[in-house]
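These notes concern the structure reproduced below.
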Amino acid sequence: MNRAPLKRSRILHMALMGASDPLGEAEAIKEKPFLLRALQITLVVSLYWVTSISMVFLNKYLLDSPSLQLDTPIFVTFYQCLVTTLLCKSLSTLAAFCPGAMDFPTLRLDLRVARSVLPLSVVFIGMITFNNLCLKYVGVAFYNVGRSLTTVFNVLLSYLLLKQTTSFYALLTCGIIIGGFWLGVDQEGAEGTLSWTGTLFGVLASLCVSLNAIYTKKVLPAVDGSIWRLTFYNNVNACVLFLPLLLLLGELQTLLNFSQLGSAHFWGMMTLGGLFGFAIGYVTGLQIKFTSPLTHNVSGTAKACAQTVLAVLYYEETKSFLWWTSNMMVLGGSSAYTWVRGWEMKKIQEEPSPKEDEKSSMGV
């Protein structure tokens, strides 16, 4: 009688703790009726879409809104990291006082662990800062194209750092992504809306996203494999490292002269941006747990397409056929890469090992 609820709590525990239990998850999914599974997946995917798209539009408002006229992108990023840090610590404290109410890892600041995570934190700072700077200088509609080279950098860094080669078909999909990126840049220039600064920040953001994935695997053992502990230490380190940047770039002085500094609306929007930044990590993990990594990537691609269309409609922009073609090339290339890599991994798993072949030939 209690088997299904226990399985559901295990899935939630895995999403929160960053653990992996595919067998338990598979059993839980099989035990649930089809309509219930379909409803859960629909809700989780919808939650991911709403959170991700809302975060992009809200950050665009905070970074480049004519009504705010606040030129402090580093402070906006710093504040979002601060909100994430406080949320992590608050949930950890709540879990300690109410152990039966929720599962969340115990978070205590250990300077040795913080130093171990520091190299990743530097990459993490670059990733979130360049993401926000890209969004500040380019439109939401071009944002996905501007930072679309993550897959290309993944392939390049895998070869340079890990000596891993990539198949011809995967390289072909990367070529499609690069072609879509350059066509998008060309069409933005033709329409007079191209920002080379924003495009450069987008390329740097793509590079940092790839480096972040590599360094995360190296650093996870230092935090006992917990994604939430890693999130906590990353954001604590980021808050400390952002402080001298705020002073050097003069953003604190700009903030002091900001006319809406005492506005409840401004701080409410800033805090909401931090909440979305915290939530995106949770809903991403939740979507992967209830679907699969492949489905998550497909969902992310579809979400990017919907986000682009919404941006064009919301800002009442008119785009050319070639501009839309560049977006389709980027999204299509990314989807094709995901499918190719998934097919290659499945093929490797299905191939029998040499020992098994030997046993089969001997009739054992």
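The values are calculated or read from the model by the stated rules, or taken from the named source; none is laboratory data. All values derive from a computational prediction rather than experimental measurement. Virtual Cβ from ideal backbone geometry, glycine too; neighbours counted across all protein chains shown. In case anyone asks, the SASA skips ligands and DNA or RNA and just uses the protein heavy atoms, side chains included. Shrake-Rupley method; radii C 1.70, N 1.55, O 1.52, S 1.80 Å.
Accessible surface for the stretch 199-274, divided over its residues, is 48 Å² per residue with a 1.4 Å probe. Approximating the spin labels as points 7 Å out from Cα along Cα→Cβ, the A264-to-E191 distance works out to 3.9 nm. Distance from a point 7 Å along Cα→Cβ of C98 to each backbone N in the stretch 280-310: keep the residues under 19 Å and list them by number. Flagged as within label range: none. From most to least packed by mean Cβ count within 10 Å, the peptides 93-99, 229-235, 76-82 give 229-235, 76-82, 93-99. Using a 10 Å Cβ count of at most 16 others and DSSP loop calls, identify the longest part of the chain lacking such GluC sites (Glu not before Pro). After excluding every exposed loop site, the longest remaining stretch is 1-190.
Taking square-rooted eigenvalues a ≥ b ≥ c of the alpha carbon gyration tensor, is the stretch 103-236 rounded, prolate or oblate, where a/c under 1.5 means rounded and, failing that, a/b exceeding b/c means prolate? In terms of gyration-tensor shape, oblate. The stretch 311-333 and the stretch 156-193 have their alpha-carbon centroids 17 Å apart.
Do the alpha carbons of any pairs in K289/K319; K60/K217; K60/K303; K217/K289; K60/K218 sit beyond 25 Å of each other, and which pairs? Among K289/K319; K60/K217; K60/K303; K217/K289; K60/K218, the Cα-Cα distance tops 25 Å for K289/K319; K60/K217; K60/K218. Placing pseudo-labels 7 Å out from each Cα toward the beta carbon at L200 and L241 gives an inter-label distance of 2.1 nm. Assuming a ≥ b ≥ c are the square roots of the Cα gyration tensor eigenvalues, decide whether the stretch 33-177 counts as rounded (a/c under 1.5), prolate (otherwise, with a/b larger than b/c) or oblate. It comes out rounded by the Cα gyration axes. Tally Lys and Arg at +1 and Asp and Glu at -1 over the other residues with C-beta under 13 Å from the C-beta of V283: what net charge comes out? Its environment carries a net charge of +2. The overall shape of the stretch 213-261, judged from the alpha-carbon gyration tensor, is prolate: a/c is not under 1.5, and a/b is greater than b/c. Quick one: pull the percent of accessible area on the stretch 104-166 belonging to carbon and sulfur, 1.4 Å probe, ligands and nucleic acids left out. Exposed carbon and sulfur together represent 59 percent of the surface.
The convex hull around the C-alpha trace of the stretch 205-352, projected and averaged over every direction, spans 13.8 square nanometres.
Using R0 = 30 Å, the C-beta based FRET efficiency linking Y169 and K217 works out to 0.75. When each full DSSP H helix of the chain is screened for a Cα extent of at least 30 Å along its own axis and an average Kyte-Doolittle hydropathy of at least 0.0, the helices passing are 34-64, 73-97, 111-137, 168-190, 196-219, 227-248, 264-290, 293-314.
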